[in-house]
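Read the figures in this text as sums done on the coordinates, not as results from a lab. For clarity, every value in this text was computed on a predicted model and none was experimentally measured. Note: ideal-geometry Cβ built from the backbone for every residue, glycine included; neighbour counts use all protein chains shown.
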Amino acid sequence: MKMMPLERRGISNSRLVLGCMGLGGSWNSADPVTSSHIRQAEEAVEAALSIGITMYDHADIYKRGKAESVFGQVLKQQPRLREQIVIQSKVGIHLSDGILPQRYNFSKGHILHSVDGILERLGTQYLDVLLLHRPDPLMEPDEIAEAFTMLKLTGKVRNFGVSNMSPGQIRFLQSALPDPFVVNQLEMSLLRHHWVDPGILHINQKADLKDSFPEGLMEFMQMENIQIQAWGPLSQGRFSGKESDNATEAEMKTAALVQQIADENETTPEAIVLAWLMKHPACIQPVIGTVNPKRIIACKDAARQAEIMTREQWYTLLVSARGVNMP
Ligand SMILES: NC(=O)c1ccc[n+]([C@@H]2O[C@H](COP(=O)([O-])OP(=O)(O)OC[C@H]3O[C@@H](n4cnc5c(N)ncnc54)[C@H](OP(=O)(O)O)[C@@H]3O)[C@@H](O)[C@H]2O)c1
């Protein structure tokens, strides 16, 4: 099996990441964390560990900090767990407080303050990976470099990465940073399949690109050994059993095709939709957002399915999801 960029750097060999945005109850900060939220987190982590998931994705904003708080409770109850897993979190988004709008903030002060909050909520001394969540148009590489240098020197963060960024933005920030970025996390799935488009539609094609995936992103990440992580990889269940009143014809056909391949291979539809991403030579690492233990376990076979998925199956799924033939 080909090594993932994070594996080559000795950071993680977890083929899947458990996305923790679903933990911690509601997004309303007035709703307290309850014992049932903590139990939900314990069960999700237990299910994830049982299928070999050792990497966990957070952000300071998830459930306005409550996702990290409940995860911190799980770590408190199982102190040896911290050294067995890789924890990633993100900074840089201010959620709206009802007065000011949602906005981004990559200032040194905000980054340092946010990381302290993350470490306190998780009850850990360090983060394995810190990502800048969404590009801040006001970002200044030198200021970010100062923050990252302090975080590295104080042992609070071991590795840095980004999310939702283009090659140009990564090159811009990287120019001031001593350490290479190790991750770029992007929305990618059979529903959000547009990351394939720039590679096939930019030359001699009249087709409009429906989505804003920058040209050369997939190639750049591979050349720079940056781990591509896919958020939203299950498409919220659209191709793996979730009922929907507004599914398009292409989506319905694709869901049926996913089920057919799953049946033929005696596996789950979750494994097939994840395998479709993981078959790509970039060794995409899906960040699954389910916190339902049964659904987490349904993802177990994804890496094996990626190994055995044929080119024909991969393209058939792509064409079905696109709803139009390849040029
Ligand atoms: N970097 C970014 O900007 C960014 C943005 C968003 C998310 N993320 C990260 O990526 C992770 C995954 O994102 P995501 O949650 O959007 O994506 P996802 O993995 O595609 O979807 C997970 C959601 O879909 C539901 N779901 C999945 N299969 C289902 C089915 N068959 N029937 C009913 N519901 C089903 C899950 O509910 P159950 O829990 O009930 O299974 C869960 O709410 C997040 O947890 C977070 O860590 C990052």
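For the reader, a short list of remarks on this structure follows.
- Each of V17, V91 was scored by other Cβ atoms within 10 Å of its Cβ. Listed from fewest to most, they are V91, V17.
- Rounded tilt (10° steps) of 66-77 against the dominant C-alpha axis of the chain: 80 degrees
- With a simple spin-label model that places each label point 7 Å from the Cα along the Cα-to-Cβ direction, the separation between D116 and S36 comes to 3.6 nm.
- Sequence-ordered 3J(HN,Hα) estimates for the range 81-91 from the Karplus curve with 6.51, -1.76 and 1.60 and θ = phi - 60° stand at 4, 3, 6, 8, 10, 10, 10, 10, 9, 9, 10 Hz, glycine and proline given as x.
- Translational D in µm²/s for the range 50-111 (Stokes-Einstein at 10 °C, 1.306 mPa s, Kirkwood Rh from C-alpha pairs): 118 µm²/s
- Within the range 41-185, the proportion of Cα pairs with more than 21 Å between them is 42 percent.
- Shown in residue order for the range 10-16 are the 3J(HN,Hα) couplings computed by the Karplus curve 6.51 cos²θ - 1.76 cosθ + 1.60 at θ = phi - 60°: x, 9, 7, 10, 6, 5, 10 Hz (x for Gly and Pro).
- Shown here is the pair-distance distribution of the range 78-149: with all Cα-Cα distances grouped in 5 Å bins from zero up to the longest one, the shares run 3, 15, 24, 22, 16, 10, 7, 3, 0 percent.
- Under 5 Å, built H, 5+ apart or other chain: amide partners of V157: L127, K152
- Of W276, W231, W314, the one that fluctuates the most in a GNM where the chain has Cα springs shorter than 10 Å: W314
- For the range 19-87, the set of chymotrypsin sites (Phe, Trp or Tyr not before Pro) satisfying both a DSSP loop assignment and a count of at most 14 other C-beta atoms within 10 Å is given as W27.
- Cross-link pairs beyond the 23 Å C-alpha cut-off, checked among K108/K152; K90/K300; K152/K300; K253/K294; K63/K300: K90/K300; K152/K300; K253/K294; K63/K300
- Both radii come from the Cα set of the range 272-313: Rg as radius of gyration, Rh as Kirkwood radius; their ratio Rg/Rh reads 0.99.
- Of the trypsin sites (Lys or Arg not before Pro) found in the range 45-150, those that fall in a DSSP loop while having at most 12 other beta-carbon atoms within 10 Å are R80.
- Karplus-derived 3J(HN,Hα), 6.51/-1.76/1.60, for each residue of the range 123-129, Hz, glycine and proline x: x, 10, 7, 8, 9, 6, 9
- Length gained when the stretch R158-M1 is fully extended (0.36 nm per residue, less Cα-Cα span): 53.9 nm
- Pairwise centroid distance, computed over Cα atoms, of the range 120-176 with the range 241-301, Å: 31 Å
- The long axis of helix 141-153 is offset from the longest Cα principal axis of the chain by roughly 70 degrees.
- Highest-fluctuation residue, V162, V291, V196 considered, GNM on the chain with Cα pairs under 10 Å: V196
- The aspartates and glutamates whose alpha-carbon is closer than 20 Å to the alpha-carbon of K76, local same-chain residues fewer than 8 away aside, are E42, E43, E46, D57, D60, E68, D116, E120, D128.
- Amide H to amide H distances under 5 Å link E187 with W231, where only residues 5 or more positions off or on other chains count and H is placed in the peptide plane.
- Here the chain is scanned for GluC sites (Glu not before Pro) in DSSP loops (not H, G, I, E, B) that have at most 14 other Cβ atoms within 10 Å, and the longest stretch holding none of them is 1-242.
- Against the chain, whose longest principal axis is taken from its Cα atoms, helix 35-50 shows a tilt of about 60°.
- Added length on full extension, which subtracts the Cα-Cα distance from 0.36 nm per residue, R82 to V324: 82.5 nm
- Amide hydrogen neighbours beyond the local backbone of H94, cut-off 5 Å, H modeled: R103, Y104, N105
- Convex hull volume per residue, computed on the Cα atoms of the chain, equals 148 Å³.
- Taking G289, G241, G25 as the candidate residues, the one with maximal mean-square fluctuation in a Gaussian network model of the chain, Cα springs under 10 Å, is G241.
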